[in-house]
Amino acid sequence: MLIGIVGKPSTGKSSFFMAATAVAVERSPRPFTTIKPNHAVGYVEVECVDKEFGVQCNPRTGYCVRGKRFVPVELLDVAGLVPGAHEGKGLGNKFLDDLRQADALIHIVDASGSTNETGERVEIGTYDPANDIRFLEDELDFWIKGIMDNNWAKLAKEARMKGNEEALFGQFTGLKISRDAIARTLTELALKEKPLESWSEEDKMGFAKRMRAIGKPILIAANKCDLPGAYKNYERLVKEFPQYIIVPCSAEAEIALKSAAKNNYIKYVPGEDDFEIIGGVDEQQKKALEFLRVYIKSAKGTGVQKALNAAVFELLRYVAVFPGGVNKLADNDGNVLPDVFLFPPGSTALDFAARIHKDMAKNFIRAINAKTKRALGADYVLQHRDVLEIVFGR
C-alpha cells in the first residue's frame, strides 16, 4: 500500500511526512522545498490481539506499545502542487506522475489560512483553505482527462475493436484503477455502449472525475490547527465538504512530541492525547511540554496518527489480519504473533493464504479462526483483527 502526501507548497506536507515517519526531510516556508519525492515508512494503529490470547506479541515489522500494534505502510511526499499543475505549472507534471501508484492521497491543507494559492506566506486567516480542496480536485480531474486526451485516437481505435471497458482498462491500469471500477463508471454515466470516438468533452470530464474519486480517494488533513482561527476553519470545511473525511491536525506538535520521546524526556504513544514527563527537563522545556499537553488534550491528539488510521481503515476500508494457529501463535523462531497483513475490503481466506505463501493458496484446504476455532472456506471474507490459520496440502 502506498499513500501519497499531497498539497500546495508550504502547507506542512513535509512536516506531516516527517511527523508520520520520523524521517528527517528538508523543511522550509519557501515554496518548492520538496522537489524529489520523499519515500519512507509510516505506521497505522491496530488494537493488538495478543491480550485476547494472554500472550505478549513480538512484531517482526512495526512495533506494539500498550496493546496498540503499529503496522507499516508506505508514504510518499511529493512536490507541492499549484493551480495549473496539469498544464505544467510549478512542478505539476512531475507531481502528478509521482502519484500514479498511490492507493490514496492525504491532502495537507493549511487550515490557518496563512499561505496563498501558490504557497506564499500571508497573514493568518486571510486565505480561504476551501480553495485548496477545490483546486486539488480540479488538477487531478484535468490530469486524468489529459491522459485520455493524449491517447484519444489510439483509445478510440482500441474501443472499436475491444469495447470501451477493455480499452480504458488498458489505459488506466497504470493508475491502479480496477476493471470493475471502470465498468461501474461506464454504466453509471451511460457511456458503456456509447462509441468512445463520439464522447463529448463533458463525457470525458465526467469519466475523469469519477476515476479520480475511485482511483485516488482523498482524505483531508486540516494542518496547523494549533494556530489562531484554524480550528474554526476546520469546522467550516467539515460542513462545506461533507463528502470528505477531514481530520484536524498539527504536524509540528507531533514532531515535537516524537522528538521529546526519542530523547527520553517523555513517554508518548502516537495518537494519544497525553504523555508522561520522565526525563530531566529544565523549566523552559517543561513549559513547552505543558503547552503541548494543553493543546493535544483539547484537540484529542495531534491528528497525525488519526489521519493515517482514517486513510487506511475508513477511506480505503482495509482490514488487518494476523496469522496464527489455534494451538500455536508463534513462528519457528518463537516470535509470537509476529505479523499483521493489511487487505482491501472483500479479500478472502484464499487471498490471505496467497499473501503468506503461494503454495498455501495452491493447496488450500481450509482456514481456521483462532479465536472461535471455526473452520472457514476459501471464500470467507476477511474481517478486521481476524487471527487465521491456514491448513493446506503438501
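Observations on the structure shown:
- For Asp386, the residues whose amide H sits under 5 Å from its own are Phe322, ignoring neighbours fewer than 5 places away on the same chain, with H placed 1.01 Å from N.
- In order along region 111-126, the phi-based Karplus estimate (6.51 cos²θ - 1.76 cosθ + 1.60, θ = phi - 60°) of 3J(HN,Hα) comes to 5, 7, x, 10, 9, 7, 5, 9, x, 7, 5, 9, 5, 3, x, 8 Hz; Gly and Pro are listed as x.
- Among Val238, Ala330, Pro37 - extreme Cα towards positive end, dipole of the chain, charges at beta-carbon: Ala330
- Cβ-to-Cβ counts within 10 Å put Cys225, Cys249 in ascending order as Cys225, Cys249, the fewest first.
- Residue with peak Gaussian network fluctuation, the chain [Cα springs, cutoff 10 Å], from Thr115, Thr61, Thr21: Thr61
- Over 31 Å (Cα to Cα) - which of Lys216/Lys371; Lys194/Lys358; Lys145/Lys239; Lys239/Lys297 fall in this group: Lys216/Lys371; Lys194/Lys358
- For Val73, the residues whose amide H sits under 5 Å from its own are Gly42, Tyr43, Val44, ignoring neighbours fewer than 5 places away on the same chain, with H placed 1.01 Å from N.
- Region 104-249 shape via C-alpha gyration tensor axes, a/c threshold 1.5: prolate
- Calculated [θ] (222 nm, deg cm²/dmol) that DSSP helices of n ≥ 4 give over the chain, each run adding -39,500 (n - 2.57): -11000 deg cm²/dmol
- Considering only Leu219, Leu337, Leu76, the mean-square fluctuation computed in a Gaussian network model of the chain, springs between alpha carbons under 10 angstrom, is largest for Leu337.
- Here Lys286 is the anchor, and the aspartates and glutamates within straight C-alpha reach of less than 16 Å, apart from those fewer than 8 places off in the same chain, are Asp274, Glu276.
- Choice from Arg184, Arg293, Arg212 showing the highest fluctuation, given a GNM over the chain with Cα pairs closer than 10 Å: Arg184
- Normalising the average separation of contacting C-alpha pairs (under 8 angstrom, six or more residues apart) by the number of residues puts the relative contact order of the chain at 16 percent.
- Take the Cβ atoms of Asp331 and His39, set R0 to 22 Å, and the FRET efficiency comes out at 0.15.
Read-outs: derived from the displayed coordinates by stated rules, not from any lab. Everything quoted here is computed from the prediction, not taken from an experiment. Quick reminder, even Gly has a Cβ in these numbers, built from the backbone with ideal geometry, and neighbours come from all protein chains shown.
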